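Here is the structure we will look at.
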Amino acid sequence: MKTYILYSAVIALLACNTGFAQQQKETEKHRYAGFGIRLPGIQSGDLDQRALPPARIIASLDPIEYCRIEAQYGFRSTKTESQDASNDNVDLHGKSSLFSLGLMGMYPKGNARFILGFRYGIGNYKQESLESYPDEKIVESIGKTKTISGVIGGEYMVAKSFSIGCEFTVSSLKDEYRPASSASGPVMSEVSMTEGNIILKFYPF
């Protein structure tokens, strides 16, 4: 519920600014580079979240005010406890990483920017599990992902060098999963998913 309230507040802020921005002249110089974070948000799809880090760091370059090149990187690490045959606790670790590169067109209006583009990403993940037969041991399953996403969103400059924004993505993801228990090769699948996220960014120059 808190996530929906936060998204609603950002969308309302962008909408209210549009009418005001039509009467406001652009006085700030163009800022070329931005750094920020994409917060964990809403995800809908058939993919196990083992494969995708929910939060990402962002670096973007705006060579002109109508174009953006953006890179995102995310890393996720997990630890769960399981019990072996002796009822001893065993730590099982998992981790995933994702790097993506996007190209977006932008429409600036006052302190707001409306954004439309696409993004391509590659990722890797691994997950440990406890195998009890024929011998008890920890085994590791691994996987790779390739993602193509359409992106739509916007951001609002709440200060000279700081913005709050949101983005919605529709993605097609190819997953190559290699279970530790399988000797027949990788399991290939292709899924669709949608995501909605809040983005906080800082523009130093």
TODO: Might you report the magnitude of the Cβ-based charge dipole of segment 72-205 about its Cα centre, with Lys and Arg at +1 and Asp and Glu at -1, to the nearest 20 debye?
DONE: 1080 debye
Task: Long-range Cα-Cα pairs in segment 47-132 (distance over 17 Å), rounded percent - done: 62 percent
TODO: List, in order, the whole-Hz ³J(HN,Hα) value for each residue of segment 99-111 obtained from phi through the Karplus relation with A = 6.51, B = -1.76, C = 1.60 and θ = phi - 60°; use x for Gly and Pro.
DONE: 10, 9, 10, x, 10, 10, x, 10, 10, x, 8, x, 8
Task: Kirkwood Rh in Å, taken over segment 137-205 so that all alpha-carbon pairs contribute - done: 15.1 Å
- [ ] Within segment 150-205, report the GluC sites (Glu not before Pro) that DSSP leaves as loop and that have at most 11 other Cβ atoms within 10 Å.
- [x] none
- [ ] Would you mind working out the magnitude of the charge dipole of segment 99-143 relative to its Cα centre, with +1 at each Lys and Arg C-beta and -1 at each Asp and Glu C-beta, to the nearest 20 Debye?
- [x] 740 debye
TODO: Of the listed pairs 174/201; 126/146; 126/201; 79/201, which have alpha-carbon separations greater than 23 Å here?
DONE: 174/201; 126/201; 79/201
Open item on the list: Sort 109-120, 127-138 by the packing proxy (mean of other Cβ within 10 Å over each peptide's residues), most packed first.
Closed with: 109-120, 127-138
Open item on the list: Just to confirm a number: summing +1 for Lys and Arg and -1 for Asp and Glu over residues other than residue 38 whose beta-carbon lies under 15 angstrom from that of residue 38, what do you get?
Closed with: +1
Open item on the list: Positive end of the dipole of segment 55-183, charges at C-beta (+1 Lys, Arg; -1 Asp, Glu), about the Cα centre: which of 163, 107, 141 has its Cα farthest in that direction?
Closed with: 107
TODO: Answer with one residue from 129, 183, 151: the one whose Cα lies farthest towards the positive end of the charge dipole of segment 126-205, charges on Cβ with Lys, Arg +1 and Asp, Glu -1.
DONE: 151
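Read-outs: derived from the displayed coordinates by stated rules, not from any lab. The shown structure was predicted, so the numbers you read here are calculated from the model rather than taken from an experiment. A quick note on method: Cβ atoms are made from the backbone with ideal geometry, for glycine too, and the neighbour counts reach across all protein chains shown.
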